[in-house]
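Presented below is the structure to which this report refers.
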């Protein structure tokens, strides 16, 4: 995610280099043909570019609004994941501690259960991050899981789902041996359900792209607009006695529309591990720090901070 407010102009130019180069070459070619070769037929009425630009602006506005909605929904879902993770960890710790007066209570077993469950929850967050980004760095989960659990999860097709299954089984094993009791599982299951729903929402965003027809026609109209713009500007600037001014103006207008198109395009998919995406690594780092602190641990991973204006 980009957190800096001012962008490096050179970085933006490199990002838009294809559009800038194409617009510069075409604008210079139109100026050369019209002004030096006196080929007035290369000019077009400005109304053509105006009408096409209006249609393009509608398509860009629609796609950008929907792209931002997808990005914000993804961020909202992960905010819910952070909150539900904290709630479930609190329930695990407080419920296990609340049975210390029971005759079947075993302190060592209860402490091991709390740590195992909280670490399963942390592993689930990291697994969902890797799952959404389609990364295979499952070794990152090894310190958080037992060897048997790690092998089982790594061999699964849907690792976050496998971790949810392990967590659910472990809750009912704890109910059976007296670590948990009464109706403890009901409230825990409610939070597990919330996490499962959040995972489903993330997978829906990941696997369902924005309508491809809007993406295709927006890109097509953008290319046509940038191609026709210099032909529509050259005659008017020649009447003003400054035909060469058409080149920078054409490049500038093409750049503005091109940037608007790029912004919508990159925001469509918020889980691709790009600088514009939802910062899943930082959110997982927050979950891990908070949950391990709830266990009473002090040797916590360093908090991830933005570097050079970006946080992942």
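Just so it is clear, none of the values below were taken in a lab; they were calculated from the coordinates. Computed from a predicted structure; not experimentally measured. All Cβ positions, even for glycine, are placed from backbone atoms using ideal geometry, and neighbour counts span all protein chains on display.
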Do the sum for the chain: with -39,500 (n - 2.57) for every DSSP H run of n ≥ 4, divided by all residues, what is the mean residue ellipticity at 222 nm, to the nearest 500 deg cm²/dmol? -24500 deg cm²/dmol
What angle, in degrees between 0 and 90 and rounded to the nearest 10, separates the Cα long axis of helix 246-267 from the longest principal axis of the Cα atoms of the chain? 20 degrees
In Å³ and rounded to a whole number, note down the convex hull volume per residue for the Cα atoms of the chain. 142 Å³
Pop a pseudo-label 7 angstrom from the Cα along the beta-carbon direction at both residue 240 and residue 11 and give the gap in nm to one decimal. 3.3 nm
Residues listed by number, segment 238-258, amide nitrogen under 19 Å from residue 47 label point at 7 Å toward C-beta: 239
Just want to confirm a number: the relative contact order over the chain, from Cα pairs under 8 angstrom separated by 6+ residues, in percent. 37 percent
Kirkwood-based shape ratio for segment 37-160, expressed as Rg/Rh from alpha carbons: 1.40
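Once the convex hull of the alpha carbons of segment 188-312 is built, what does its volume come to per residue, in cubic angstrom?
So the per-residue hull volume is 135 Å³.
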Test of understanding: ordering 265, 139 by Cβ neighbours within 10 Å, fewest first, what list do you get? 139, 265
Relative packing of peptides 116-123, 99-106, 140-147, 51-58 - highest average C-beta neighbours within 10 Å first: 116-123, 140-147, 51-58, 99-106
How much space per residue, in cubic angstrom, does the convex hull of the C-alpha atoms of segment 262-312 take up? 71 Å³
Arranged by the count of other C-beta atoms within 10 angstrom, fewest first, what order do 277, 136, 177 take? 136, 177, 277
Compute the angle between helix 212-239 and the longest alpha-carbon principal axis of the chain, please, reported from 0 to 90 degrees and rounded to the nearest 10. 30 degrees
Convex hull of Cα atoms in segment 1-87, direction-averaged projection (nm²): 8.9 nm²
Could you tell me the center-to-center distance, by alpha carbons, between segment 229-258 and segment 276-312 in angstrom? 49 Å
